[in-house]
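Take a look at the structure below.
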Amino acid sequence: MNKIKSLDDLRKMKQSLEHGMTIRENSNSPESLVQIRVAMATCGIAAGARTVMNTLIEKLEKEKIPAVVTQGGCMGYCYAEPTIEVKVPGKDPVVFGKVDSAVAEEIVVKYIKNGELIDGIIPVNYQSINEQK
Amino acid sequence: MGNIKVKIDNVEVEVKRGSTIYQAAKQIGIDIPVLCYMNLNHMQIENRPGGCRICVVEVEGRKNLAPSCSTDCFDGMVVKTKSIRVLNARKTVLELILSDHPPKCLVCSSSGKCDLQELAQRFGIREVHMVENAEVSTYRKDASPALNRDMDKCIMCRRCETVCNDVQTVGALSAVNRGFMSVVAPAFEQDLVDSPCTFCGQCVAVCPTGALTPYDDTPMIIRALADPSKTVIVQTAPAVRAALGEEFGLNPGTLVTGKMVAALRSLGFDKVFDTDFAADLTIMEEGAELLDRITRYVNGDKEVKLPILTSCCPAWVNFFEVYFPDMLDVPSTARSPQQMFGSIAKTYYADLIGVKREDLVVVSIMPCLAKKFECQRDEFKVDGNPDVDYSISTRELASLIKAANINFDKLEDEEFDLPMGESTGAGVIFGVTGGVIEAAVRTAYEVFTGNKLNRINFEELRGLAGIRTATIYFGETPIHIGIAHQLGNARKLLNGIREGRYNFHAIEIMACPGGCIGGAGQPLHHGDSSVIKARYEAIYKEDTGKTIRKSHENPYIIKLYEDFLGKPLSEKSHHLLHTHYFDKHKI
Amino acid sequence: MAQYKMHLLVCGGTGCRASQSEEVVANLNTEIKKQGLENDAQVVTTGCFGFCEKGPIVKIIPDNTFYTQVTPEDCAEIISEHVLKGRRVHRLLYEDPETLKHIEDSKHMGFYQKQIRIALRNCGFIDPENIDEYIARDGYAALGKVLTEMTPAEAVDLLKKSGLRGRGGGGFPTGLKWEIAASNKSDEKYVVCNADEGDPGAFMDRSILEGDSHSVIEAMAICGYCIGASNGLVYIRAEYPLAIKRLQIAIEQAKEYGLLGDNILGTGFSFNIELKYGAGAFVCGEETALIHSMEGLRGEPTVKPPFPAEKGYLGKPTNVNNVETFANIPVIYLMGAEWFASIGTEKSKGTKVFALAGKINNVGLIEVPMGITLREVIFEIGGGIKDGKKFKAVQTGGPSGGCLTEKHLDTPIDFDNLVAAGSMMGSGGMIVMDEDDCMVSIAKFYLEFTVEESCGKCAPCRIGNKRLHELLEKICDGKGTEDDLEHLKNLSNVIKDTSLCGLGQTSPNPVLSTLEHFSDEYLAHVRERICTAGKCKALKLYTIIADKCTGCTACTRACPVAAITGEKRQPHVIDVDKCIRCGACYDKCKFSAIYVQ
Amino acid sequence: MSTFKLQDCHKQTLKDICKSFNNNPGELISVLHKTQSEFGYLPEAIQREIANNLKISVAKVYGVVTFYSFFTMTPKGKYPISVCTGTACYVRGAEKIVDELKDQLKIKVGGVTEDGKFSLDCLRCVGACGLAPVVLIGEKVYGRVEAHQIKGILESYE
């Protein structure tokens, strides 16, 4: 292990280490962050939900958007798997269907970052993440 | 740092910065009661654990009561030493201490001398409010040839622990256990004889209660006195006469030699002799040994052991046997005066008066508890019969005198018996630190140089400092002398010698503060070291009053050599007056 | 560092380890491997979550799922259901004792809602054996800041402004303490961390050391810089093997990174820490006793002054703070004195960690802002009294504290209010008692502790506490008198007034506070010879309810002194004079026919 | 008292332990900790040897050993039983558990059964207050113990 020789070293080290902890830090205050839930039931996984989840996490990281990405059970839209639910602070949750890696990146850039609406939104007929049982 | 002003019980007093409340109060005549606190300022011995809480006082602005013995004054401090709160607290705490103390004052050997008892009287304790059958802490009793331990009476003042460890560096005692069962004891609460105890008895000298008391042979002496078939003779150590009077209300430092002799005679002792005689004899032997070693050294003998260490203090002998077994060939082989006396009494004197050894009982009155141990050592017995049969302390002699309804104060002075009652000033000063070496110098100088001394007082060897050094010129030859009293100081000197840091020719060591005058068999000083100072002065007064002040001029000593011993270090001397030491290393 | 999508935090505190949390960690890892999720999920052993009542705890991040009482057998299901499929395992979720509903997100647990975690900020959040996680959370940044941007005097000043007071008991202002130690000139000084937590029922210091050793190390180094010391010592209970291990690991890691040792962060400041072990003596929580113990002596306190700040370890100026105090310090330097001072009450700033225990639903470790009320702590965070019983008292401050009652429930908790109410903050033990607890017995329990732990140096504590205990025993045995109560009071006051150290000066508090708040109960014991709580054996009155007695004779046979008589199939009678109140009949009766008063 | 006899190898072990702390008397407590973990207890002969190595009086060593409850001069049973008597355990009935254990084992607190199998001690708060009352047997923790379970628990140690 290298010695930390100055306060600068320490700060750099902190920066390089902190993303490993982001997930825990963010879970402390999810309400103030973008929350994404990926449906990860058997059908979702079969349809490629895991890849989508990875893409989302990487893209959010790249765009430096603090977000909490969790996985959930089946949302009941089996026809549209993989599905994800996105809740941006101050807005109602939105569900996207048939998300693949490309769509996932688009969601991050367009919907989350710039607030533009994009295709693939499934009409919402259920309650938001927190109220849901 | 200047003075500060404090107000105690509405009286303003200016005290030195760093003074405690207790000291400040004393300055204006307020005597705050203390129990664990002890300050022998002449010897730099202090015990201040702040544990008994008897001396508490109220300090304005402070939440709880303050122990006056260990709370420093600050400028503008306001103290109340006798408010209801203080008095109630002190009384309650004393009751607590009494509740864990056997209530058998009437038959306690410390009755009348006990600090705890005195406080109970002072506070007017008439009842101890505790639940019935309240638990008391009890411990194994321990009896040794020198002192008894009854720790049921221990109040955890820690004075004995301080003395045994910090002053004497013997380390036989330590506080052990915790809480209610805590007590001061040897390791594993075993007997003192199994510990490195030197029997100096200083723990007894400072014990405020009857927890540590001398082993007492008085009943045996009474029996011997009553036995017509026995001839009972007594010897009295030099320090006794300077302190015995205190037990009869006389001022410390009052010399009572004549009254003491009269009392002993009145008690029925067949002959009243003086250990001072044996002290003169010691000087003849030890002085000769010193001169022998010095002469050999001066002549280039590399084998010779220097410095020579005095060996008249039995606690000191025990100490080096335990802690310096590698240096057993350094001390003088001369026996202590008590033992020389016993040895001569049971040979020379027994022959002289035609009494069989076993019918002659030799009693010694000593300021010391280690003497009780010493006289029981096997090497000082012939066929199981000890040279000195019984050794009792100054305090025990006083009790004996009181018990025999002798009005000590009214006694006419009497003289010691001859031949072993004749002594010189040199013998007398054995009772103080520095005295033995001064006595030795008085004789050795004259023998070595062949000249008469111009002055007899060697002021440079006197004083109460723990370690003192001086160089005396025997003509052209400088003799370096070291003196230590209290075993902790002795240890420092010995360590220095072991490491080769000193080049002394002779060293005198006494285990007790001030020498024998501060012995554990003396009347209790109750924490007042000025008592010891007064005895110190008395001893030198006795010396100055003597017509003969050099041991080798004692006519009866000269006669003893002529008639019996031959010369110092003769074969007979070796047999009767010298001893050897044992490795008694213990942890 | 791999980017895990899920972190499974498992409590590795002593409490949870006692219920197999290590096996849980092992099984979770095995299952993760089995399902091929090594790159997705990470299992982290953390320090204490505080929710010791229901350990072992497994918390799943990012969705904050809080599983309680997880057994090693549950692990497969957690991985295959939750981690793989995103379905929570409902049976393992915490059930709210009032609504009986399962709570999925720990944020919604009453236990956590009112807490503010400063000293415990990293406990249950980071892996205490991994310095990287500490650094990632701004660890050692405070030290860096102090060393590079502040003079020692400025740093002390900031601490003074924060209003932080010692969490070990007395509540002495920490900044002032540092200032005094700094002002004493010496070639060598020492920083000591008191981790000899000895209060029965308090374990916050252990939890902090187990969960976040680095914050203590960092704070000690800051203290060293402020007072001019280059040596730190942690005096830690030998009975805390896990805390010792974690602390040792942390010290090693900090050394490897150069955050301890010579020339820290290139500033020329050097600081080292070594451990000293306690050996089971409560009195060593007192700083002078602690110092003597570190010197290899009996842990007996000495009269103050001189204070350790003047003359402490090896006679050198020494600053002693306890673990929780230190744990607060790095954050104060990062967030500022004003931030810290904004939390809490006027004279007690920040938060306090309490160990909540006794007859309460949520036993555990909590950190709450000063000024919170007992009601909030006991009924909201603690989830109320166990088994629906009635609240009777809460004991704070351990053997030095007192019992508080219903009327104190709405008193804001801070140093001064607790003292005013006859108790004290102490180290933060909080034991809740219900109607079944006899307050005389409780006082007796604490005195038993004090008697055992008194060092024996000063007379009032050594003998006085013994006598207090004997008086209380007498009262519980039904032999007390009203005079005894008077005596109890006087003795208590004198012990407080005259004892040498903090132990004796506070040991009568449990007696005095119960005497004050529950005088009726004491009077009932001595006048009517009744123990209302039914705890005192000697005061129990057994009678047979004739209506319920079937005359089965089971009780007659059980009675060791033949105090029960009666015909078969007829109601039996107990001879009160013969009865020794052993309770054997009560245990044997199948018809609840024996009534105990 | 114990009948422990100090062998030469023991002396060497003690010498090494003391030396690892530079024979510094200030490290007495650390030395005692290490020694007790090595020998299980601190009999007289061992204390003497430690005093010898550290060049302090054995009275002082004994004074320290008897001050701290962690140190013991009697060997523990094969299965040392410790009952937590912290406040949390107390209010949840630890006293009854202690009584039951005393009855079953027929020993006092601090004692060892005749066959040397069990020893019984009380200790302060192991910090498992959520599991109160708590009993430790060796390293194993028994939580929420009730008096009637004691017999069964003891019987499982055969």
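Could you tell me which residue of the range B:526-579 is farthest from B:PRO419 (Cα to Cα), considering only residues that are among the basic types (Lys, Arg) and part of a helix (DSSP H, G or I)?
It comes out as B:LYS533.
Is it the case that B:VAL388 is assigned by TED's automatic domain parsing to the domain that holds B:GLU289, buried (at least 24 other Cβ atoms within 10 Å of the Cβ) and not in a helix (DSSP H, G or I)?
yes
Conditions: (1) over 30 Å from C:GLU53 (Cβ atoms); (2) without any contact (Cβ under 8 Å) to a residue 24 or more places away in the chain. D:LYS78 meets all but one. Number of the miss?
So D:LYS78 meets the others, but not (2).
Please work out which residue is nearest to the chain's Cα centre (by Cα), limiting yourself to the range C:331-365 and to residues that are among the aromatic types (Phe, Trp, Tyr) and surrounded by 24 or more Cβ atoms within 10 Å (Cβ to Cβ).
C:PHE354
Identify all residues within the range C:512-559 that are among the aliphatic types (A, V, I, L, M), in contact (Cβ under 8 Å) with a residue 24 or more places away in the chain and assigned to a helix (DSSP H, G or I); write none if there are none.
Matches in the range C:512-559: C:LEU512, C:LEU515, C:LEU523, C:VAL526, C:ALA538, C:LEU539, C:ALA554, C:ALA558.
Tell me, which residue of the range C:396-427 that is more than 14 Å from C:HIS517 (Cα to Cα) and among the acidic types (Asp, Glu) is surrounded by the fewest Cβ atoms within 10 Å (Cβ to Cβ)?
Filtering first and then ranking leaves C:ASP410.
Listed residues C:ASP205, C:ASP157, C:ASP199, C:ASP212; which is assigned to a helix (DSSP H, G or I) and under 23 Å from C:GLY504 (Cβ atoms)?
The conditions single out C:ASP205.
Looking at the range C:136-173 only, could you name the residues that are at the interface with chain A (Cβ under 10 Å from one of its Cβ atoms) and without any contact (Cβ under 8 Å) to a residue 12 or more places away in the chain?
Of everything in the range C:136-173, those that are at the interface with chain A (Cβ under 10 Å from one of its Cβ atoms) and without any contact (Cβ under 8 Å) to a residue 12 or more places away in the chain turn out to be C:ALA136, C:GLU149.
Do you know which residues across the range C:1-23 are farther than 20 Å from C:ALA243 by Cα and touching a strand residue (DSSP E or B) at 6+ places or on another chain (Cβ under 9 Å)?
C:ALA2, C:TYR4, C:LYS5, C:MET6, C:HIS7, C:LEU8
Across the range A:36-49, which residue is farthest from the other protein chains (Cβ to nearest Cβ) among those that are in contact with a helix residue (DSSP H, G or I) (Cβ under 9 Å, 6 or more places away or on another chain) and of a type outside the set (A, V, I, L, M)?
Looking at residues that are in contact with a helix residue (DSSP H, G or I) (Cβ under 9 Å, 6 or more places away or on another chain) and of a type outside the set (A, V, I, L, M), I get A:GLY48.
Return the residues of the range B:22-61 that are assigned to a loop (DSSP other than H, G, I, E, B), more than 11 Å from chain C (Cβ to nearest Cβ) and more than 22 Å from the chain's Cα centre (by Cα); say none if nothing qualifies.
Those that are assigned to a loop (DSSP other than H, G, I, E, B), more than 11 Å from chain C (Cβ to nearest Cβ) and more than 22 Å from the chain's Cα centre (by Cα): B:ILE28, B:GLY29, B:ILE30, B:ASP31, B:ILE32, B:PRO33, B:VAL34, B:GLU60, B:GLY61.
Which one of these does C:VAL70 not meet: (1) outside any loop (DSSP other than H, G, I, E, B); (2) at pLDDT 90 or above; (3) buried (at least 23 other Cβ atoms within 10 Å of the Cβ)?
(1)
Quick one: C:GLU129 ticks every box in (1) over 24 Å from the mean Cα position of the chain (by Cα); (2) assigned to a loop (DSSP other than H, G, I, E, B) except a single one, so which number is it?
Against the list (1) over 24 Å from the mean Cα position of the chain (by Cα); (2) assigned to a loop (DSSP other than H, G, I, E, B), C:GLU129 comes up short only on (1).
Quick check on my filter: what residues within the range C:308-330 are in contact with a Gly (Cβ under 9 Å, 6 or more places away or on another chain), surrounded by 24 or more Cβ atoms within 10 Å (Cβ to Cβ) and outside any loop (DSSP other than H, G, I, E, B)?
So the first thing to find is which residues in the range C:308-330 are in contact with a Gly (Cβ under 9 Å, 6 or more places away or on another chain), and the list is C:314, C:317-325, C:328, C:330.
If we keep only those that are surrounded by 24 or more Cβ atoms within 10 Å (Cβ to Cβ) as well, we get C:317-325, C:328, C:330.
Scanning the range C:308-330 gives C:THR318, C:ASN319, C:VAL320, C:ASN321, C:ASN322, C:VAL323, C:GLU324, C:THR325, C:ASN328, C:PRO330.
Do we have C:HIS82 as more than 13 Å from chain D (Cβ to nearest Cβ) and part of a strand (DSSP E or B) here? I'd like the intermediate steps shown before the answer.
Values: more than 13 Å from chain D (Cβ to nearest Cβ): yes; part of a strand (DSSP E or B): no.
Answer is no for this residue.
Within the range B:77-88, can one find any residue that is of a type in the set (D, E, K, R) and free of Cβ contacts under 8 Å to residues at least 40 places away in the same chain?
Yes, the range B:77-88 has at least one match.
Please pick out the residue among C:SER492, C:SER507, C:SER499 that is within 13 Å of chain B (Cβ to nearest Cβ) and under 21 Å from the mean Cα position of the chain (by Cα).
After applying the criteria, what remains is C:SER507.
How many of the residues making up the range B:159-211 are within 9 Å of chain D (Cβ to nearest Cβ), crowded, with 24+ Cβ neighbours inside 10 Å and of a type in the set (Ser, Thr, Tyr)?
Of the residues in that region, 2 qualify.
Could you go through the range B:562-575 and let me know if any residue there is more than 23 Å from B:GLN339 (Cα to Cα), surrounded by fewer than 21 Cβ atoms within 10 Å (Cβ to Cβ) and assigned by TED's automatic domain parsing to the domain that holds B:PHE430. Can you show your working first?
Keep residues of the range B:562-575 that are more than 23 Å from B:GLN339 (Cα to Cα), which gives none.
No.
Would the range C:23-42 turn up any residue that is touching a His at 6+ places or on another chain (Cβ under 8 Å) and within 14 Å of chain D (Cβ to nearest Cβ)?
Checked against the condition, which is being touching a His at 6+ places or on another chain (Cβ under 8 Å) and within 14 Å of chain D (Cβ to nearest Cβ), the range C:23-42 yields no hits at all.
Among the candidates B:VAL447, B:VAL441, which residue alone is assigned to a helix (DSSP H, G or I), under 25 Å from the mean Cα position of the chain (by Cα) and in contact (Cβ under 8 Å) with a residue 24 or more places away in the chain?
B:VAL441
For residues that are part of a helix (DSSP H, G or I) and either surrounded by fewer than 24 Cβ atoms within 10 Å (Cβ to Cβ) or hydrophobic (A, V, I, L, M, F, W, C) (or both), tally how many sit in the range C:275-292.
Residues flagged as part of a helix (DSSP H, G or I) and either surrounded by fewer than 24 Cβ atoms within 10 Å (Cβ to Cβ) or hydrophobic (A, V, I, L, M, F, W, C) (or both) within the range C:275-292 amount to 7.
This table checks each residue for (1) in a helix (DSSP H, G or I); (2) touching a residue at least 24 places away in the same chain (Cβ under 8 Å); (3) touching a Phe, Trp or Tyr at 6+ places or on another chain (Cβ under 7 Å); (4) over 23 Å from B:GLY171 (Cβ atoms).
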{"residue": "D:LEU6", "(1), (2), (3), (4)": "no, yes, no, no"}
{"residue": "D:HIS10", "(1), (2), (3), (4)": "yes, yes, no, yes"}
{"residue": "D:GLY26", "(1), (2), (3), (4)": "yes, no, no, no"}
{"residue": "D:LEU42", "(1), (2), (3), (4)": "no, yes, yes, no"}
{"residue": "D:ILE46", "(1), (2), (3), (4)": "yes, yes, yes, no"}
{"residue": "D:THR66", "(1), (2), (3), (4)": "yes, no, no, no"}
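Where residues in the range D:68-99 are part of a loop (DSSP other than H, G, I, E, B) and under 30 Å from C:MET433 (Cβ atoms), which of them is farthest from the other protein chains (Cβ to nearest Cβ)?
The initial filter retains those residues of the range D:68-99 that are part of a loop (DSSP other than H, G, I, E, B), namely D:68-78, D:85-86, D:92-93.
Next cut, under 30 Å from C:MET433 (Cβ atoms) only: D:69-70, D:85-86, D:92-93.
Numbers: D:SER69: 4, D:PHE70: 4, D:THR85: 7, D:GLY86: 4, D:ARG92: 7, D:GLY93: 10 Å.
The selected residue is D:GLY93.
Part of a loop (DSSP other than H, G, I, E, B), away from chain D (no Cβ under 14 Å) and among the small types (Gly, Ala, Ser): which single residue out of B:ALA134, B:ALA120 fits that description?
Details: B:ALA120 fails: part of a loop (DSSP other than H, G, I, E, B).
Exactly one of B:ALA134, B:ALA120 is part of a loop (DSSP other than H, G, I, E, B), away from chain D (no Cβ under 14 Å) and among the small types (Gly, Ala, Ser), namely B:ALA134.
Just one of D:ALA147, D:ALA88 is closer than 22 Å to C:SER19 by Cα and buried (at least 19 other Cβ atoms within 10 Å of the Cβ); which is it?
One residue alone meets the criteria, D:ALA88.
Identify the residue in the range B:132-158 that is touching a strand residue (DSSP E or B) at 6+ places or on another chain (Cβ under 8 Å), over 22 Å from B:MET366 (Cβ atoms) and among the charged types (D, E, K, R) and, among all such residues, is surrounded by the most Cβ atoms within 10 Å (Cβ to Cβ).
Among residues in the range B:132-158 that are touching a strand residue (DSSP E or B) at 6+ places or on another chain (Cβ under 8 Å), over 22 Å from B:MET366 (Cβ atoms) and among the charged types (D, E, K, R), the one surrounded by the most Cβ atoms within 10 Å (Cβ to Cβ) is B:ARG158.
The values are calculated or read from the model by the stated rules, or taken from the named source; none is laboratory data. It should be emphasised that the depicted structure is a prediction, and the values quoted were computed from it without experimental measurement. Ideal geometry is used to build each Cβ from the backbone, glycine not excepted, and the neighbour counts take in all protein chains shown.
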